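A quick write-up on the structure given underneath.
The values are calculated or read from the model by the stated rules, or taken from the named source; none is laboratory data. What you are looking at is a predicted structure, and each value in this text was computed from that prediction instead of being measured. As a convention, Cβ positions derive from the backbone with ideal geometry for all residues, glycine included, and neighbour counts pool all protein chains shown.
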Amino acid sequence: MTLVEKILALKATPPFDGLRDNELALIASAATQRHFAAGETIHAGGEPLGRFHLLVHGSWESPTAMQLPRTLGAGSLLYDLPAPLVQAGPDGAECLVIARSHFHTVTAECPEVLIGYLTGQADAPAS
């Protein structure tokens with residue numbers, strides 16, 4: 001993924017959709033692209049996620065959760081909450097992944113992101 005594609009993926013996802021382009025560019029430059037094959041385990045469950053994941057293409061699912069949002073890991077990174085088992089869907093999952101330290105910098109520098117997760121505005125199910 002190019003930097004522009006990462007920016008567009010962030011811009012299409014609450015709560016990042018309210019950020020300025022220069023803020024999105026900084027976040028996108030810290031994000032890495034990761035592809036998970038169909039059925040591949042993204043997170044084994046029961047423990048907090050160590051990284052933030054944003055679903056860009058494909059899908060993910062969990063036998064222990066009704067619907068998963070388009071982003072995973074905010075609760076783990078903010079509150080040390082365990083996350084459910086998550087596997088890539090039938091067509092795989094293309095994700096942007098942000099390390100814990102970068103995610104904390106994002107929430108400190110862009111309080112809109114933190115507010116979005118604190119108020120539940122960012123919990124819309126993945127389509």
Next item on the list: Please enumerate the residues belonging to region 1-21 that are part of a loop (DSSP other than H, G, I, E, B) and over 13 Å from the mean Cα position of the chain (by Cα).
Entry: Met1, Thr2, Leu19, Arg20
Notebook entry, point to check: Can you tell me which residues in region 85-101 are buried (at least 20 other Cβ atoms within 10 Å of the Cβ), of a type outside the set (Val, Ile, Thr) and either touching a residue at least 60 places away in the same chain (Cβ under 8 Å) or closer than 16 Å to Gly75 by Cβ (or both)?
Noted result: Cys95, Leu96
Notebook entry, point to check: Name the pairs whose Cβ atoms lie under 7 Å apart, with the first residue in region 1-18 and more than 19 Å from Leu118 (Cβ to Cβ), the second part of a loop (DSSP other than H, G, I, E, B), and 6 or more positions between them or separate chains?
Noted result: Lys6/Ala31
Check: With respect to the numbered conditions (1) within 13 Å of the chain's Cα centre (by Cα); (2) of a type outside the set (A, V, I, L, M); (3) at pLDDT below 95, which one is the sole condition not fulfilled by Trp60?
Finding: (3)
Notebook entry, point to check: Can you name the residue in region 65-110 that is part of a strand (DSSP E or B) and of a type in the set (Asp, Glu) and, of all such residues, is farthest from Gly45 (Cα to Cα)?
Noted result: Asp91
Item checked: Inter-residue pairs, beta-carbon under 9 Å, first of a type in the set (S, T, N, Q) and in a loop (DSSP other than H, G, I, E, B) and in region 114-125, second surrounded by 14 or more Cβ atoms within 10 Å (Cβ to Cβ) and modelled with pLDDT of 90 or more, 6+ apart -> Thr119/Pro15; Gln121/Pro14; Gln121/Pro15; Gln121/Ile115
Next item on the list: Could you list, in sequence order, all residues of region 73-117 that are touching an Asp or Glu at 6+ places or on another chain (Cβ under 7 Å) and not small (Gly, Ala, Ser)?
Entry: Pro82, Gln87, Cys110
Notebook entry, point to check: Taking strands (runs of 3 or more DSSP E) that do not extend beyond region 22-64, which have at least 2 residues that are polar (S, T, N, Q) and more than 20 Å from Asp123 (Cα to Cα)?
Noted result: 32-36
